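Visitor: Take this structure first; my questions come after.
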Amino acid sequence: MKAVVIGLGVLILVALGVIVVTVASRLESGKATVAAMAPAPASPGTTAPTLGAGYGVKDVEIPPGARIVSVRVVGPRLLFDVAGPGPKRALMVYDLDTGKRLGTIEWAVPGQ
């Protein structure tokens with residue numbers, strides 16, 4: 001019985017050591033994982049998609065009393081569905097490449 005308890009204790013210590021070594025090696029290689037996620041260069045004869053240069057932080061201004069119902073990405077556009085105030089609704093369209101507001105489509109919902 002003593003041999004079984006000692007054997008199981010040794011197995012627990014070995015398993016704990018394996019877990020510690022695995023966690024340490026994954027933390028150490030975490031930097032390599034981030035670098036591996038970078039996009040690969042385009043193959044010769046193909047064109048890579050171009051991304052916008054960035055536009056920093058943009059404020060989306062909505063009317064007082066209004067609320068954002070949903071946000072969707074459709075292709076290179078960001079769409080904000082805005083409700084209110086009152087029966088008014090609006091769809092605000094932004095360009096994801098430049099961050100510029102492309103326009104707003106407004107309508108009223110009858111009966112509200």
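A short reminder: the numbers here are calculations on the coordinates, not readings from a lab. In this text the structure is predicted, and so the values were computed from the model without any measurement. Note that we place each Cβ from the backbone using ideal geometry, even for glycine, and neighbour counts take in every protein chain shown.
Visitor: Evaluate the distance, in nm, between pseudo-label points positioned 7 Å from the Cα of residue 96 and of residue 62 along their respective Cα→Cβ axes.
Guide: Distance between the two pseudo-spin positions: 2.0 nm.
Visitor: Right, next: Taking residue 58 as the anchor, which aspartates and glutamates have their alpha carbon closer than 12 Å to its alpha carbon, excluding any fewer than eight residues away along the same chain?
Guide: Of all the aspartates and glutamates, those that pass the test against residue 58 - Cα under 12 Å, at least 8 places apart if same chain - are 95.
Visitor: Given +1 on the Cβ of Lys and Arg, -1 on the Cβ of Asp and Glu, and no further charges, what dipole in debye does the range 67-108 carry about its Cα centre, rounded to the nearest 20?
Guide: 120 debye
Visitor: Relative to the present Cα-Cα distance, how much length would full extension add between residue 4 and residue 105 at 0.36 nm per residue of separation?
Guide: Result for the pair: 28.8 nm of gain on full extension.
Visitor: Okay, moving on. Ranked highest first by average number of other Cβ atoms within 10 Å, how do 69-81, 10-22, 92-104 line up?
Guide: 92-104, 69-81, 10-22
Visitor: Does the range 67-108 come out rounded, prolate or oblate by the C-alpha gyration tensor, with a ≥ b ≥ c the root eigenvalues, rounded set by a/c under 1.5 and, if not, prolate when a/b is larger than b/c and oblate if not?
Guide: prolate
Visitor: Give the aspartates and glutamates reachable from residue 100 as a straight Cα distance under 13 Å; neighbours fewer than 8 places away on the same chain don't count.
Guide: 59, 61
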